[in-house]
Structures are given as structure tokens and as C-alpha cells.
Amino acid sequence: MKIVQLNEITGMTFPAGRTTRVLTGPDLLPAKYFTAGYVVIQPKGKVPLHAHSNEEIYILVRGAGKIKVESKEELVEAVSAIYI
């Protein structure tokens, strides 16, 4: 078992208005086949449209926003999980 403290992981802040903490990797959670991250999106911030081959799950812990996948856009609220 390995436990990490989110507040002890250095985050990367991006111009689009979000801070990402990657939770997997050396000296972190030793996952071999997936990546996990903790992302805080500031008001008016976003994750820019992007594409990749792996699946993603977003878990919205607090707040509300919009998520867009291809041409479909949905409103999402806290305590929701979104599979992409």
C-alpha cells in the first residue's frame, strides 16, 4: 500500500487557469498501467480541448461547469463522475 498527501505534491499551473498534480510515478503512487491526477480549475479556467487514445474519468468534487466531448456539451455538478 502506498499513500500520498495531495498537498505535498508539487502542482503545475497552466495559463488556461488550472493546476494539476500528477499522483502516479516514481516516489508517488506506483501505477504501471494508468495515470491519475488531481486538477483544480479556477473560475473561468478550463482544460483545453485535446485528444488521446486512453480513457479518462473526471470526478467533480466541488463546483459546477461544462464538459465538451466532440460536439456534445453537458453541464456537470459536484459529486459527479464523467467517463470519456
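Cβ under 11 Å from Met12's Cβ, Met12 left aside: what net charge do those residues give with Lys, Arg +1 and Asp, Glu -1? Every neighbour counted, the sum reads +2. Of the solvent-accessible surface of region 1-58, computed with a 1.4 Å probe over protein heavy atoms with every protein chain present, carbon and sulfur atoms account for 57 percent.
Using the Karplus relation 6.51 cos²θ - 1.76 cosθ + 1.60 with θ = phi - 60°, the per-residue 3J(HN,Hα) values for region 57-62 come to 10, 9, 10, 8, 8, 8 Hz, with x marking Gly and Pro.
Tell me the per residue accessible area of the chain using a 1.4 Å probe; a whole number in Å² is fine.
87
Largest first, the extents of the alpha carbon coordinates of region 1-55 on the three principal axes equal 37, 29, 13 Å.
The values are calculated or read from the model by the stated rules, or taken from the named source; none is laboratory data. These numbers were taken from a predicted model, which means no experiment stands behind them. We place every Cβ from the backbone using ideal geometry, glycine too, and count neighbours over all the protein chains shown. Areas reflect the complete protein model, heavy atoms only, side chains present, ligands, DNA and RNA absent. Shrake-Rupley method; radii C 1.70, N 1.55, O 1.52, S 1.80 Å.
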